[in-house]
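Trainee: Here it is, the structure, as structure tokens.
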Amino acid sequence: MRDEKSQSGGPQKGRNSTGKSFSDRRSAGRPHPERGSRSSGPRPSGKGGENSGEREEYVWVLDYLPYGKAVNARSLSQKKPLVQAVGDKKFTLMELVPKNGVIPEIQARVYIGSGDRDTIDHVKQRIGYPDLTHGANLELPYILEACVRHQEERFVKFFNEAHSITTRLHMLELLPGIGKKLMWSIIDEHKKGDFKSFQDIHERIPSLHDPAKVLAHRIEEELKDDFIKYRLFTTPPRRQRPA
């Protein structure tokens, strides 16, 4: 895998890999974590998660279509190449047009911000999960996990700053496989000191086997469901204009 402008890490599995999906009550008299401070940390919202005002500067290539998408009767020779990708800040799904003669590598992390770009000419449009090609759909889980691992500090910070959303629901409970019991284990362990890494989280909370996979699965859930109530890491899809 190639990072156009400095990258460490990447997906460990590709389209042909066989990944495995991972798949209580509150203690009596125990105060709910919503009593604590809410002055910092990511805030779930129907209007998007953290850093909702930022534009994507890097994307991960999900699929490359040398002749674009077959949506009309134009000959293949007239169609322009197209790239489907996911941003690594807000996980925006989008289609981009590569520069002439450039063939982006699937799983590559490429720059789309202002200034010189080596791979992408311009962003064509934002898309939704149903617009992904079959190939992009297969790559997405592995790319999301790679993206989370690539930004480990950011996502470890999420565990350190997670807080209650309501009197009955904590942000940690929105992560797949985390119920009340595991939530309290994470909260109690965090009181002893901030988590330093994914490995540190796993060592201190052995039942949380792979935090990166859990986070990636949550991001995928948010991308798949346009009407999901709480968004921790993504922005809601743009409303379709009436025809």
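Trainee: Looking at (1) part of a loop (DSSP other than H, G, I, E, B); (2) in contact with a helix residue (DSSP H, G or I) (Cβ under 7 Å, 6 or more places away or on another chain), which is the only condition Arg168 fails?
Mentor: (2)
Trainee: When only residues in segment 110-131 that are touching a Pro at 6+ places or on another chain (Cβ under 7 Å) and part of a strand (DSSP E or B) count, which is most open to solvent (accessible area, probe 1.4 Å)?
Mentor: Among residues in segment 110-131 that are touching a Pro at 6+ places or on another chain (Cβ under 7 Å) and part of a strand (DSSP E or B), the one most open to solvent (accessible area, probe 1.4 Å) is Asp121.
Yes/no matrix, rows are residues, columns are (1) in contact with a helix residue (DSSP H, G or I) (Cβ under 8 Å, 6 or more places away or on another chain); (2) surrounded by fewer than 21 Cβ atoms within 10 Å (Cβ to Cβ); (3) not basic (Lys, Arg):
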position: Lys181; (1), (2), (3): no, yes, no
position: Ser185; (1), (2), (3): no, yes, yes
position: His190; (1), (2), (3): yes, yes, yes
position: Phe195; (1), (2), (3): yes, no, yes
position: Glu203; (1), (2), (3): no, yes, yes
position: Ser207; (1), (2), (3): yes, yes, yes
position: Pro211; (1), (2), (3): yes, no, yes
position: Ala216; (1), (2), (3): yes, no, yes
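Trainee: Across segment 211-233, what is the total count of residues that are touching an Asp or Glu at 6+ places or on another chain (Cβ under 8 Å) and part of a helix (DSSP H, G or I)?
Mentor: Result for segment 211-233: 3.
The values are calculated or read from the model by the stated rules, or taken from the named source; none is laboratory data. Fair warning: this is a prediction, and the values are worked out from it, not measured in the lab. Don't worry about glycine lacking a Cβ; one is built from the backbone with ideal geometry, like all the others, and counts go over all protein chains shown. Note: areas computed on protein heavy atoms with side chains; ligands, DNA, RNA excluded. Shrake-Rupley method; radii C 1.70, N 1.55, O 1.52, S 1.80 Å.
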